[in-house]
Amino acid sequence: GNATQNFWRSAENLALVPVSGTNRWAVSQAAPFRRMHVRGGLNLAPDGYGWASGGYIADSRIDGTVGPYSQQQWYTRDSSVG
């Protein structure tokens, strides 16, 4: 997969219960993930663990683990993981 074309997307003010136990948020720049509560894990890579290009998580809570499998940077601020 190639998530380097996933620009200008955002998710805010939601609580998620991923059916598979892990939510996927594979994006590039300009794609904030703010004030989220993921009741499970969060995978930051696209399907097939292809390319992604970083992102931003703020004021969020991830109950499970975060899989930072993309090859680029992620900035996480004021968040709880695990």
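Listing for the model above:
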item: Selected residue (only one of ALA31, ALA52, ALA58, ALA45 is under 11 Å from the mean Cα position of the chain (by Cα) and farther than 19 Å from ALA3 by Cβ); result: ALA58
item: Verdict on TYR69 being among the hydroxyl-bearing types (Ser, Thr, Tyr) and part of a strand (DSSP E or B); result: no
item: Lone unmet requirement of (1) of a type outside the set (Val, Ile, Thr); (2) within 18 Å of ASN2 (Cα to Cα); (3) touching a Pro at 6+ places or on another chain (Cβ under 7 Å) for GLY40; result: (2)
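Condition check ((1) in contact with a strand residue (DSSP E or B) (Cβ under 7 Å, 6 or more places away or on another chain); (2) loosely packed, with under 15 Cβ neighbours inside 10 Å; (3) at pLDDT below 95; (4) under 18 Å from GLY82 (Cβ atoms)) across all residues:
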position: TRP8; (1), (2), (3), (4): no, yes, yes, no
position: LEU14; (1), (2), (3), (4): yes, yes, no, no
position: VAL27; (1), (2), (3), (4): yes, no, yes, no
position: GLY40; (1), (2), (3), (4): yes, no, no, yes
position: ASN43; (1), (2), (3), (4): yes, no, yes, yes
position: GLY48; (1), (2), (3), (4): no, yes, yes, no
position: SER53; (1), (2), (3), (4): no, no, yes, no
position: VAL66; (1), (2), (3), (4): yes, no, yes, yes
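The values are calculated or read from the model by the stated rules, or taken from the named source; none is laboratory data. Since this is a predicted model, take the numbers as computed values, not measurements. With ideal geometry, Cβ positions are generated from the backbone for all residues, glycine too; neighbour counts draw on all protein chains shown.
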